[in-house]
1. When only residues in the range 137-154 that are of a type in the set (D, E, K, R) and outside any helix (DSSP H, G or I) count, which is farthest from the chain's Cα centre (by Cα)?
2. Scan the helices (runs of 4 or more DSSP H) fully inside the range 1-114 and keep the ones with 2 or more residues being of a type in the set (A, V, I, L, M) and either surrounded by 11 or more Cβ atoms within 10 Å (Cβ to Cβ) or modelled with pLDDT of 95 or more (or both).
3. Among the residues that make up the range 128-136, is at least one of them of a type in the set (A, V, I, L, M, F, W, C), assigned to a helix (DSSP H, G or I), out of contact with any Phe, Trp or Tyr (no Cβ under 7 Å at 6 or more places or on another chain) and touching a residue at least 12 places away in the same chain (Cβ under 8 Å)?
4. Give the residue that is surrounded by the most Cβ atoms within 10 Å (Cβ to Cβ), with candidates limited to residues of the range 178-201 that are of a type in the set (Ser, Thr, Tyr) and farther than 15 Å from residue 76 by Cβ.
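The values are calculated or read from the model by the stated rules, or taken from the named source; none is laboratory data. Not measured: the values here are computed from a predicted model. Cβ coordinates were reconstructed from backbone atoms using ideal geometry, including for glycine residues, and neighbour counts include every protein chain displayed.
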Amino acid sequence: MSLPQVVSREEWLDARRELLAREKEMTRARDRLSADRRRLPMVRVEKDYVFTGVDGTVGLVELFGGRRQLMVGHFMFDPEWEEGCSSCSAGAEQLSRGLYEHLATRDTTLVHVSRAPIHKIEAYRKRKGWTFPWYSSYGSEFNYDYAVTMDESVAPVVYNYKTREEHERAGTGYYFSGPQPSEQPGLSCFLRDGADVFHTYSTYGRGAEQLGGSYYYLDLTALGRQEEWEEPKGRADFAREPRPDFNE
């Protein structure tokens, strides 16, 4: 692995300023994209999904924990497996108590759902030392409806909004390689209005993997970060940006 080029401080500053301009451009583009995501229309959830947790069975609305928004991490764990996906596990290792607490202050709950039965989920969670909320969708259509379990005997297979044929033409047919049913990663967002639940957003593949802190999670939701920013004195241009640019 090669190391970066060694240059003078002046050359480094020139290169860093050029990179900063691109970083600011990407920050503003991300803000515009997040705003467009908040304007995405939503779909009423009509099915009565049933999940199993450590305290018994619950419906989708109970997963909200009384909050207005719900984020569901689709953790790959086939009913036949004895442990969860290693990549999903690596992501779960990075989830902190502070992340869940900050999401809760924004009226948002994050849970994980897998198709494995709850006794396998609980055995694996205890072995890993995790405490986050994790439910089983075993026996329900949830994973199929939200396109993270591929099984053509149950439903037409679609992943990341593309059919098998579209993926094969794009060179990403590997999503459908191997025996079925097969599991894929993803993250889905829901909004609650009283007892009514709406699906607002789902992301798959690398989109589900490129998450950081709580603000990045909130940027995927219909209500966003839920922060109002006031224009600082002497910065008339500042208010035109979707939110403050911390590279400034």
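1. Ranking the qualifying residues of the range 137-154, first place goes to 152.
2. Per the criteria, 9-38, 60-63, 97-105.
3. No: the range 128-136 contains no residue that is of a type in the set (A, V, I, L, M, F, W, C), assigned to a helix (DSSP H, G or I), out of contact with any Phe, Trp or Tyr (no Cβ under 7 Å at 6 or more places or on another chain) and touching a residue at least 12 places away in the same chain (Cβ under 8 Å).
4. Restricting to residues being of a type in the set (Ser, Thr, Tyr) and farther than 15 Å from residue 76 by Cβ, the top hit is 200.
For (1) among the aromatic types (Phe, Trp, Tyr); (2) in the same structural domain as residue 214 (by TED's automatic domain parsing); (3) free of Cβ contacts under 8 Å to residues at least 40 places away in the same chain, each residue gets a yes or a no:
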| position | (1), (2), (3) |
| --- | --- |
| 77 | yes, yes, no |
| 80 | no, yes, yes |
| 90 | no, yes, yes |
| 94 | no, yes, yes |
| 99 | no, yes, no |
| 103 | no, yes, no |
| 106 | no, yes, no |
| 113 | no, yes, no |
| 119 | no, yes, yes |
